[in-house]
Amino acid sequence: MDDVRAACWSALDDLRAASPDLLVVVGPGETTADEAGRAGSLSAYGLDVTVALPDAGDETMPLSLSVGAWLLQRDGWEGPVATATVAGDADDGDGDGVELGRRLAGRADRVALLVMADGSPLRADTTPADLRRRAERYDAAVTAALRDGDPRVLLGLDADTEAGSPGRQALRVLAGAADDGLFDARVGYDAAPYGVGYLVGVWERHG
């Protein structure tokens, strides 16, 4: 996982260089919420690790935000931070993520998002071949959409509820926040260690 972590640190360097007025950590959760806690733990996954963002209270973050908070904590991020979640199984025709993104984008003049969104968990060699091929196609489509830097392409991702991931909804938050802007985009990592799709990319508003 060293290459994954190195790509994440590089992405955070880009976020820091952008000097945002507010950074919002976004990820899948049980509900869609503009505020989603500021403290978390990885103990349920076998790691005695706790994480906290400034002004943490009693509300516990889901795993997606906890990993994002861990990255920021390790990076020594000192700027203003907020959190938000989007329901992975939004039942309103995918509108939740887009509308949440639009709201988050309006919270400050210069908003940056740290979007935590799993790729497909079905990339292992032990996965049935047909399902694994679908998972690979799903992840390839996500990679292409992020590399394109066009929110409309990101919104065009087809759902594959069996081979995909609830993380797709978090990517729709990014698309909603980006609206119809043009972005310089790069993908710094794209692989499937442990049979799970991992992707690290950066979007920066063009000009």
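The values are calculated or read from the model by the stated rules, or taken from the named source; none is laboratory data. Note that the structure is predicted; figures quoted are calculated from it, not measured. Here Cβ is always computed from backbone atoms with ideal geometry, including for glycine, and neighbour counts include all displayed protein chains. To get the accessible areas, we keep the full protein, side chains included, count just its heavy atoms, and leave off ligands, DNA and RNA. Shrake-Rupley method; radii C 1.70, N 1.55, O 1.52, S 1.80 Å.
Some points to look at:
- Farthest toward positive dipole pole in the chain [+1 Lys/Arg, -1 Asp/Glu at C-beta], among 52, 68, 183: 183
- Residues whose placed amide H lies under 5 Å from that of residue 182, excluding near-sequence neighbours: 206
- Estimated dipole of the chain in Debye, rounded to 20 [Cβ of Lys and Arg +1, of Asp and Glu -1, Cα centre]: 400
- The residues of the chain have, on average, 52 Å² of accessible surface per residue, using a 1.4 Å probe with all protein chains present.
- Here the label points at residue 42 and residue 110, each 7 Å from Cα along the C-beta direction, are separated by 3.0 nm in the simple model.
- Nonlocal amide H pairs with residue 149, under 5 Å, H built at 1.01 Å: none
- DSSP-defined antiparallel bridges as percent of all bridges, the chain, nearest 5: 50
- Accessible-area composition of the chain, carbon plus sulfur, in percent [1.4 Å probe]: 47
- Potential extension, residue 204-residue 34 segment - 0.36 nm per residue separation minus Cα distance: 58.9 nm
- Look at the alpha carbon pairs under 8 Å that are at least 6 residues apart: their mean separation over the length of the chain gives a relative contact order of 25 percent.
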